[in-house]
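Some notes on the structure that comes next.
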Amino acid sequence: MIASLFTHPASQSAFSPHATPLTRFGSHEHIFHEGAPAEAMFMIVNGVVVIYRTGIDGCRIIQDLRFKGEYVGVGYEENYSFSAIAVRPTVVRRIARAAVERAIDESPVTARRLLEALTLEQSRLSDRLMVIGSRTAIGRVAACFLDISSRSSGGAETFMVPISRSEMADYLGLTIETVSRAITRLRTLGIIALPRSDTVTIRDRAALQALAQDDGDGAARGRFCA
């Protein structure tokens, strides 16, 4: 039964409501905290979730974003290795770890789907580390916009950015001033427009993609900060 949920993430028929209840979270409300027992994983039905870890200095280190149809908390550690917080009103479907383990025992398809989900997470993290380590500041922001467009709105030209510029700076290993300058530069070049403070319109996708792939002289190779 869980196999069909992995195959069709938005499906509501793979489990009964009691087996996979819907839970609603308000903006900036935690779904779970780092270090808490990993008793379930969650499929995002609607909304946006930020996953992050807390550094030794107490600062938040954003690891990734999760959008509708994606999963958070996938894994087999006894405790969550990161925190997950809704950045806008969000609805998730809770899938108990015990139910996942039973389904894996009963269905090789489920095991494969779970492996695919874990592989996708690892690939996404690897891609982001490559962007941070080998792209210019404007290239990191360009890559971030392309990623959000693809994952949140199916590649639409106009989309909402669910995180603030400060959070984007954290996410990309930049300062907020650098992020602001990069966004201003993209707008000045006519590559993007900003209909609202939280909304981006891509006006020249080819140029944005070229910047996202550029590892020019300004790139901070192998570094995590600008």
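Scanning the range 188-205 for residues that are under 19 Å from Gly155 (Cα atoms) and open to solvent by 60 Å² or more (accessible area, probe 1.4 Å) turns up Pro195, Arg196, Arg203, Asp204, Arg205.
The numbered conditions (1) of a type outside the set (Val, Ile, Thr); (2) part of a loop (DSSP other than H, G, I, E, B); (3) within 23 Å of Asp64 (Cβ to Cβ) are all true for Gly190 except (3). One residue stands out in the range 165-187 among those that are open to solvent by less than 40 Å² (accessible area, probe 1.4 Å) and among the aliphatic types (A, V, I, L, M): the one that is farthest from Ile62 (Cα to Cα), namely Leu186. Of everything in the range 72-116 that is within 28 Å of Gly26 (Cβ to Cβ) and among the polar types (S, T, N, Q), the residue that is modelled with the lowest pLDDT is Ser81. Within the range 155-177, the set of residues being under 19 Å from Thr90 (Cβ atoms) and in a loop (DSSP other than H, G, I, E, B) comprises Val161, Pro162, Ile163, Ser164.
When the range 88-110 is limited to residues that are in contact with a helix residue (DSSP H, G or I) (Cβ under 8 Å, 6 or more places away or on another chain) and polar (S, T, N, Q), the one that is surrounded by the fewest Cβ atoms within 10 Å (Cβ to Cβ) turns out to be Ser107.
The C-beta contact set for the range 162-187 (first residue within 22 Å of Ala207 (Cβ to Cβ) and of a type in the set (D, E, K, R), second residue at pLDDT 90 or above and open to solvent by less than 10 Å² (accessible area, probe 1.4 Å), distance under 9 angstrom, 6+ apart or interchain) comprises Arg165/Val179; Arg165/Ile183; Arg185/Val141. Scanning the range 185-202 for residues being touching a Phe, Trp or Tyr at 6+ places or on another chain (Cβ under 9 Å) and farther than 18 Å from Ser150 by Cα gives a total of 1. Looking at the range 153-164, which of the residues that are surrounded by 18 or more Cβ atoms within 10 Å (Cβ to Cβ) and not aliphatic (A, V, I, L, M) is farthest from Val49 (Cα to Cα)? Out of the qualifying residues, it is Phe159.
Can you tell me which residues in the range 47-64 are touching a strand residue (DSSP E or B) at 6+ places or on another chain (Cβ under 8 Å) and in a loop (DSSP other than H, G, I, E, B)? Result: Gly47, Val48, Gly55.
Could we say that Val49 is touching a Leu at 6+ places or on another chain (Cβ under 9 Å) and among the β-branched types (Val, Ile, Thr) here? Here the answer is yes, as Val49 does meet what is asked. Residues in the range 40-51 that are touching a residue at least 40 places away in the same chain (Cβ under 8 Å) and under 15 Å from Phe82 (Cβ atoms): Ala40, Met41, Phe42, Val49, Val50.
Residue count for the range 29-59 under the criterion of being loosely packed, with under 15 Cβ neighbours inside 10 Å, within 30 Å of Thr175 (Cβ to Cβ) and either in contact with a helix residue (DSSP H, G or I) (Cβ under 7 Å, 6 or more places away or on another chain) or among the hydrophobic types (A, V, I, L, M, F, W, C) (or both): the result is 2.
The values are calculated or read from the model by the stated rules, or taken from the named source; none is laboratory data. Just so it is clear, the structure is predicted and the values come from calculations on it, not from any experiment. Neighbour counts run over all protein chains shown; Cβ positions are idealised from the backbone, glycine included. Side chains are part of the model used for accessible areas, which takes the heavy atoms of the whole protein and leaves out ligands, DNA and RNA. Shrake-Rupley method; radii C 1.70, N 1.55, O 1.52, S 1.80 Å.
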